[in-house]
Structures are given as structure tokens and as C-alpha cells.
2 protein chains.
Amino acid sequence: MSLTLYGYWRSTASYRVRIALNLKGVEYQYVPVHLVNEGGQQHSAPYKQLNPAQLVPTLVDDDEDIILNQSLAIIEYLDERFPSPYQLIPSHKTERARVRALAQDIACDTQPLSNLRVLNQLKSEYSAEQDSVNRWAAHWITLSFDAIEKRLQTQAGKYCFDFDVTMADLCLVPQVYNAHRFDVDMTRYPLIQKITDNCNALPAFEKALPENQIDSVL
Amino acid sequence: MSLTLYGYWRSTASYRVRIALNLKGVEYQYVPVHLVNEGGQQHSAPYKQLNPAQLVPTLVDDDEDIILNQSLAIIEYLDERFPSPYQLIPSHKTERARVRALAQDIACDTQPLSNLRVLNQLKSEYSAEQDSVNRWAAHWITLSFDAIEKRLQTQAGKYCFDFDVTMADLCLVPQVYNAHRFDVDMTRYPLIQKITDNCNALPAFEKALPENQIDSVL
């Protein structure tokens, strides 16, 4: 098998890539990297060789001899390597740009702020309690979803952009999963919720759910 | 003039886009959005219309009738709209992927954690002093640069990727500017520093420096 994904069941960045692989219908080996056990397996010497940033996910494509980190870079790579049956980045330059921007609204301005390592740093640096770090995470997700809900009013159809699943949906759905963990009030976001429900009705999204991974702990 | 960039002199995301516009040699109107004055002009009603996330930068391209946020989405858009004289994203799919991943190492995992709004939130939520938030910012930049310095050892030439300026350099150079603000020890990063010096010798980078903008305050 050519493709190996190193990930973690509850990492939303890993979750995005799993959806992409499922939509593309390509087989891959999934290697769990436990972000908590053993002081965090992402800090082990062999994993650091693969990914010096010590974060998940990492995709290894043996056929192309590439080791790649960063979920959005991986998704665009998969989209170029396996152009069918779904195109996750549209062909027209203004549409491509808007899909990338919405994906980055989540991947740059939302998810990194409620990452496990950031919440741990708040605890160690500012003696923040669990309640407080949950509020911290919910604050940034709420700010972000307020803006995304507005953007979607002008562009959404069944999915974030009309009637095709794009990279933006692959970022939105895992972020909504995370929002539930931090008790974000999703009734404020009817469009985000509708799109998430539409996506989750697709087998590729369902198969990628954290609880459906071999390393899930419930 | 078709292109308008809404930005802030010291925003590293705005700085990335300025470099791209300069490398492409396209004229643009620069509209400063002061992130501090008047409670933050990014929160004003007219700006919120342009960008509901209330962040900079935003690019408006009247000819294509597009309003675009997110610096990396903007840079890829500019690269597709103005393919010459420099191509900021290489043509081959594995090279493109590696450039995007390095750009996202900064745009997703580094810069958002030392953003003004995040440092302000640390102050208001945890009564963090300026020294403490500076250490917070330096912590994430150091973690990130440790990994990037390692990656560069296998791929760098004059710039991040061999001998062509790419989107990765457009992210790295502003992040180094920010590292200096937070007293990160740059002697640990000889490759990052060399590449930054090589980039800053180019007029497109020099013209994009924060202190060379009409809204700079020194």
C-alpha cells in the first residue's frame, strides 16, 4: 500500500485528511499516534524523523517518495494526485480562492487556538483550570463561527459552496465536532449545522468520524 | 486601479501579501486598517461588511468581482491571476505540496498563536503581564523555528526551496520580523536567518517591510 496516514482519532486536522482519503476512495494504512499516552507519541524519536514539528497528521506516499505534513497541503496534494471522483478544489480561480479562504478560516484562525498543546500551555503557564480552557476554546470557535455563518449566507447550498463537497466542508465538519466538545451553542449557526448534517450523511464523512477509528477511546 | 489591499503595517499576514504583490509587480491601493486605534478599525461596520472575521488582510479585486480574506488564499489567487514574472507555487505536485506545507507551518501553527487578539485575550482572561505574553509568543515561535530549521536542512538553497522564491519565503520572512519583536534568539537558526537575509536583499521584500508602509509608527 502506497499511502500511510499518521494521525489521532480526535485530531481535527487528521479527521480532515481521513475524509479526503475516503472521498477519493483510495486505500491507506492508518497509524495512530497517541497525543497523550507515553508523554505524547508525537514526541518519539521515530515520529520526529517523519515530522519535526511533532504534530499530526503526516502523510507518507511511498510511490511519490514524499513525506508531507499540514492537513490542507495534504488535501490539495491528494486532490492533484487523485483528481476523481470528487474534485475538492474547484477549477475556476475565484472559486478556488474562496474555498481555500474558508478552509483557512478554520485551519489558521480557529483550530490552532484550541489545540491540545495550547490548552496544556494555558494550564501550565497560567494555572488555568479545565473549565477555563474550555471557555478559551469555545471563545475562538464562537468568534470564528459567527463570521463563517455570515459568509455562508451568500454562498452556501447543500454544502459550503453550492452543491459540491469542497476542502471547506472537510474543515468545517471536524471543527463542528470540536465545537460540541467545548459546549459551543450550535443553535446560533443553522447554516453551519445544516451543512454538517448534509456532509455527515455521506459515507466518506461517517467513516472518518473520530469514534469510528481504531484508536478511539470512548 | 483594480486591486485594493486592506492591511496593517505590522500584521505579518498583510506583510506576506505585500511581498507577493511587489514580486508580481502589480499596482495596488493600500488601505490601512488600524488594529488598535478607535478600539480596532477592523471591528468597524464598513470593514465587517468586507470581512466578517474582522481580521486583516482583505484583498478586493474589482476586475474579478472578488473580496478575499486569508493571506495564503490571497497569495495563491495572485499567483494564478498573475503567473509572471515569478511563480510563487511550483508546477510539480510534490514541490507544490511541500511549499504549501511550509507556508502553513507558519500560517497555521505559528503566527495565529502570537496574534495581537490572542495576546490581548491572555491579558484579559489570565491577567497576563506584557512580559508573560511576550514569552508566550516566543515559546510558539521557538518550537516552530526548531522544526523549520530542521526541514530546511534537507531542501533549502538560497531560499526555502532551492533557488526560487516561493510562498514559503513569503511566510518565513515576516515571521522572523515578528520573532525579533518577541526577542527570540535567532542565533539558533542560521539557515532561517540566511534565507531571510537573502530575501530582504530583494527590492520586493524591502518595499513590503512594515516600517516602509504609510501607516507605520516607529
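For region A:121-130, which residues satisfy the criterion of being more than 9 Å from chain B (Cβ to nearest Cβ) and either of a type in the set (Val, Ile, Thr) or in a loop (DSSP other than H, G, I, E, B) (or both)?
Hit for region A:121-130 is A:Glu129, nothing else.
Quick one: which of B:Val118, B:Val99 is under 19 Å from B:Leu72 (Cα atoms) and under 19 Å from the mean Cα position of the chain (by Cα)?
Working: B:Val118 fails: under 19 Å from B:Leu72 (Cα atoms).
Going through B:Val118, B:Val99 in turn, just one is under 19 Å from B:Leu72 (Cα atoms) and under 19 Å from the mean Cα position of the chain (by Cα): B:Val99.
If I filter region B:71-86 down to residues being within 8 Å of chain A (Cβ to nearest Cβ) and free of Cβ contacts under 8 Å to residues at least 24 places away in the same chain, which single residue comes out as surrounded by the fewest Cβ atoms within 10 Å (Cβ to Cβ)?
Applying the filter and picking the extreme gives B:Glu80.
Just for helices (runs of 4 or more DSSP H) wholly inside region B:40-120: which have at least 2 residues that are in contact with a Pro (Cβ under 9 Å, 6 or more places away or on another chain) and among the aliphatic types (A, V, I, L, M)?
Fully inside region B:40-120 and qualifying: B:93-107.
Those residues that are within 12 Å of chain A (Cβ to nearest Cβ) and at positive phi, I need them from region B:29-61; list them, please.
B:Gln54
When you scan region A:21-38, do you find a residue that is assigned to a helix (DSSP H, G or I), within 20 Å of A:Ile214 (Cβ to Cβ) and touching a Lys or Arg at 6+ places or on another chain (Cβ under 6 Å), even just one?
Looking for residues that are assigned to a helix (DSSP H, G or I), within 20 Å of A:Ile214 (Cβ to Cβ) and touching a Lys or Arg at 6+ places or on another chain (Cβ under 6 Å), one finds at least one in region A:21-38, hence yes.
On the basis of being outside any strand (DSSP E or B), within 13 Å of chain A (Cβ to nearest Cβ), small (Gly, Ala, Ser) and within 23 Å of B:Val36 (Cβ to Cβ), does B:Ser144 make the cut? Steps first, answer last, please.
Numbers: outside any strand (DSSP E or B): yes; within 13 Å of chain A (Cβ to nearest Cβ): yes; small (Gly, Ala, Ser): yes; within 23 Å of B:Val36 (Cβ to Cβ): no.
Against the criterion (outside any strand (DSSP E or B), within 13 Å of chain A (Cβ to nearest Cβ), small (Gly, Ala, Ser) and within 23 Å of B:Val36 (Cβ to Cβ)), B:Ser144 does not qualify.
Here are the criteria: (1) crowded, with 24+ Cβ neighbours inside 10 Å; (2) not assigned by TED's automatic domain parsing to the domain that holds B:Lys150. Tell me which single one B:Ala97 does not satisfy.
Among (1) crowded, with 24+ Cβ neighbours inside 10 Å; (2) not assigned by TED's automatic domain parsing to the domain that holds B:Lys150, the lone unmet condition for B:Ala97 is (2).
Given the condition in contact with a Cys (Cβ under 8 Å, 6 or more places away or on another chain) and modelled with pLDDT of 95 or more, answer yes or no: does some residue in region A:72-90 qualify?
Going through region A:72-90, the residues in contact with a Cys (Cβ under 8 Å, 6 or more places away or on another chain) turn out to be A:72.
Next, only the ones that are modelled with pLDDT of 95 or more stay: A:72.
Yes, region A:72-90 contains at least one residue that is in contact with a Cys (Cβ under 8 Å, 6 or more places away or on another chain) and modelled with pLDDT of 95 or more.
Looking only at residues that are in a loop (DSSP other than H, G, I, E, B) and without any contact (Cβ under 8 Å) to a residue 12 or more places away in the chain in region A:147-164, which one is surrounded by the most Cβ atoms within 10 Å (Cβ to Cβ)?
Narrowing region A:147-164 to residues in a loop (DSSP other than H, G, I, E, B): A:154-155, A:157-160, A:163.
From what is left, the residues that are without any contact (Cβ under 8 Å) to a residue 12 or more places away in the chain are A:154, A:157, A:163.
On the way: A:Thr154: 6, A:Gly157: 12, A:Phe163: 9.
Restricting to residues being in a loop (DSSP other than H, G, I, E, B) and without any contact (Cβ under 8 Å) to a residue 12 or more places away in the chain, the top hit is A:Gly157.
Which condition breaks for B:Val60 when tested against (1) touching a residue at least 40 places away in the same chain (Cβ under 8 Å); (2) more than 20 Å from A:Ala101 (Cα to Cα); (3) of a type in the set (A, V, I, L, M, F, W, C); (4) touching a strand residue (DSSP E or B) at 6+ places or on another chain (Cβ under 7 Å)?
Among (1) touching a residue at least 40 places away in the same chain (Cβ under 8 Å); (2) more than 20 Å from A:Ala101 (Cα to Cα); (3) of a type in the set (A, V, I, L, M, F, W, C); (4) touching a strand residue (DSSP E or B) at 6+ places or on another chain (Cβ under 7 Å), B:Val60 violates only (2).
Going by the conditions given, is B:Tyr47 in contact (Cβ under 8 Å) with a residue 24 or more places away in the chain and farther than 18 Å from B:Ala208 by Cα? Spell out the reasoning first.
Details: in contact (Cβ under 8 Å) with a residue 24 or more places away in the chain: yes; farther than 18 Å from B:Ala208 by Cα: yes.
Yes; evaluated as a whole, the condition is true for this residue.
Suppose the filter is at the interface with chain B (Cβ under 9 Å from one of its Cβ atoms), surrounded by fewer than 22 Cβ atoms within 10 Å (Cβ to Cβ) and of a type outside the set (Lys, Arg); does A:Glu64 pass it?
Values: at the interface with chain B (Cβ under 9 Å from one of its Cβ atoms): yes; surrounded by fewer than 22 Cβ atoms within 10 Å (Cβ to Cβ): yes; of a type outside the set (Lys, Arg): yes.
Here the answer is yes, as A:Glu64 does meet what is asked.
Would it be correct to say that A:Gln87 is under 22 Å from B:Glu149 (Cα atoms) and of a type outside the set (Gly, Ala, Ser)? Please lay out each step first, then the result.
On the way: under 22 Å from B:Glu149 (Cα atoms): no; of a type outside the set (Gly, Ala, Ser): yes.
When the stated conditions are applied, A:Gln87 does not pass them.
Could you tell me which numbered condition B:Leu5 fails, if it satisfies all but one of (1) modelled with pLDDT under 95; (2) touching a Pro at 6+ places or on another chain (Cβ under 9 Å)?
Every listed condition holds for B:Leu5 apart from (1).
The values are calculated or read from the model by the stated rules, or taken from the named source; none is laboratory data. Being a predicted model, the structure only gives us computed values, none of them experimental. Heads up, the Cβs are rebuilt from the backbone with ideal geometry, glycines too, and the neighbour counts pull from every protein chain shown.
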